[in-house]
Amino acid sequence: MGDIIKLSSPATKQYWEIPVLFEDGDLLVLDKPSDLPAVQSYSDVETVNLLALLRRDIENNATWVRSRPQIPLLDILYILDPETTGVLAFTKTKIAHDFLANFLGSEKPFRVFHTLVHGVPREPSIKLNAGITPHPARHGLMKVDVKRGKKAITHFSLLESFNHYSYLQCTPITDRFAQIRAHLRYIKCPIVCDTLYFGKPLYLSSIKPKYHPSKKHTERPLIARAALHCSEIRIPHPSTGEQILIEAPLAKDINVALKMLRRYDKQFSSLRYRR
């Protein structure tokens, strides 16, 4: 659409320009940045979050709100992890929210994610049906428990392989907290820089031959957050029922990392699929 919503937090002195991917009387769909949680965390109620900032601006009739028709209600349709970028949808009315909540509860795949992971999956296409449950000893961590875990299904497709990393497409069939991250850890392909699930940072020095970072400065990773991006959603429109596709361009940091991997971490096979 080309529209931008500008948000700020005086308390933390942060500022965001968030692209609008789609908007009408029922929906507001944004391209979520990596440094702004979608909703309030139960463990950290003081953290600034996107939903709260939007609702605050609506109540205060901020500049971006004045150019729009009145928004009677703004609610989030699904949750993205704090570091995850990409398509994030909000409903503007209770009718729209209830309609789409029923659709999401039907276990029909509606989101597509892209990610960089360590290693290469054992098969180019994997449909993993493995229940997940909170880790008994690590707060906030989910783990696979095939006997007692809640039903969780994810379809993984290998898009591109390198010597030490892979670029995957992930389609969750169910919608469990941290489902993709836990499943990738389970198949021994953790997401790059997802430290909670044992993913390590990706440094240029680890893939570029004869590259030696400056001794004066600590080398920065190519990606400084869990490399997971929600690329698209397909949902029925709340008013018409017609299927709509909403896409977000791949996040800049993942694009940069892919460029470096293609140049320096040569593929051990010719496997490369187009999205």
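A short reminder: the numbers here are calculations on the coordinates, not readings from a lab. Just so it is clear, the model here is predicted, and its values are computed rather than measured. Every residue, glycine as well, gets a Cβ built from its backbone with ideal geometry; the counts of neighbours run over all protein chains shown.
Looking at the chain, the DSSP beta bridges with both ends there are about 95 percent antiparallel. Extension gain for the segment Arg148 to Leu104, taken as residue separation times 0.36 nm less the Cα-Cα distance, is 13.5 nm to one decimal.
Select from Ala182, Ala89, Ala101 the residue whose mean-square fluctuation is largest in a Gaussian network model of the chain (Cα-Cα springs shorter than 10 Å). Per the Cα network of the chain with a 10 Å cutoff, Ala101 tops the list. Computed over the chain, relative contact order equals 17 percent, with contacts defined as Cα pairs under 8 Å that lie 6+ residues apart. Using a cutoff of 8 angstrom between alpha carbon atoms and counting only pairs six or more residues apart, the relative contact order for region 1-106 works out to 27 percent. Distances between placed amide hydrogens fall under 5 Å for Gly119 paired with Tyr165, Ser166, all partners being 5 or more residues away or on another chain.
Going by the alpha-carbon gyration tensor, a ≥ b ≥ c the square roots of its eigenvalues, is the chain rounded (a/c under 1.5) or, if a/c is not under 1.5, prolate (a/b greater than b/c) versus oblate?
Details: a/c = 1.72, a/b = 1.37, b/c = 1.26.
Prolate, since a/c reaches 1.5 and a/b exceeds b/c.
Each residue in Phe103, Phe162, Phe156 was given a count of other beta-carbon atoms within 10 angstrom of its own, and listing them fewest first yields Phe103, Phe162, Phe156.
Using 1/(1 + (r/R0)^6) with R0 = 41 angstrom and r between the beta carbons of Arg234 and Lys208, what's the FRET efficiency to the nearest 0.05?
The formula returns an efficiency of 0.60 here.
Largest GNM mean-square fluctuation among Asp265, Asp24, Asp175, using the chain with Cα springs under 10 Å: Asp24. Extension gain for Thr218 to Ile246 (0.36 nm times residue separation, less C-alpha to C-alpha distance): 6.2 nm. Listing Tyr211, Tyr264 from fewest to most neighbouring C-beta atoms within 10 Å gives Tyr211, Tyr264.
Computed from backbone phi with θ = phi - 60° and the Karplus coefficients 6.51, -1.76 and 1.60, the 3J(HN,Hα) list for region 131-138 is x, 10, 8, x, 5, x, 10, 10 Hz; x is used for glycine and proline. Relative to a virtual label point 7 Å from the Cα of Ser41 in the Cα→beta-carbon direction, which members of region 223-248 show backbone nitrogen distances below 18 Å? Answer for this model: 224-228. Relative contact order of region 75-148: 17 percent, from C-alpha pairs under 8 Å at least 6 residues apart in sequence. With θ taken as phi - 60° and the Karplus curve 6.51 cos²θ - 1.76 cosθ + 1.60 applied, the whole-hertz 3J(HN,Hα) list for region 8-14 is 8, 10, x, 5, 9, 6, 10 Hz, x standing for glycine and proline. Choose one answer from Ile95, Ile76, Ile246: the residue with the largest mean-square fluctuation in a GNM of the chain with alpha-carbon springs under 10 Å. Residue with maximal mean-square fluctuation among Ile95, Ile76, Ile246: Ile95. Sorting Cys193, Cys170 by the number of Cβ atoms found within 10 Å of their own Cβ, with the fewest placed first, yields Cys193, Cys170. Under 5 Å from the amide H of Ile223 lie the amide H atoms of Leu202, each residue being 5 or more positions distant or on a separate chain, with H modelled from the backbone and absent for Pro and chain starts. Computed 3J(HN,Hα) for region 209-217, one whole-Hz value per residue from the Karplus formula 6.51 cos²θ - 1.76 cosθ + 1.60 where θ = phi - 60°, is x, 6, 8, 10, x, 4, 6, 7, 10, glycine and proline marked x.
Taking amide H as placed 1.01 Å from N in the peptide plane, the amide H of Asp194 sits under 5 Å from that of Gly199, Lys200, Ala227, each at least 5 places away or on another chain.
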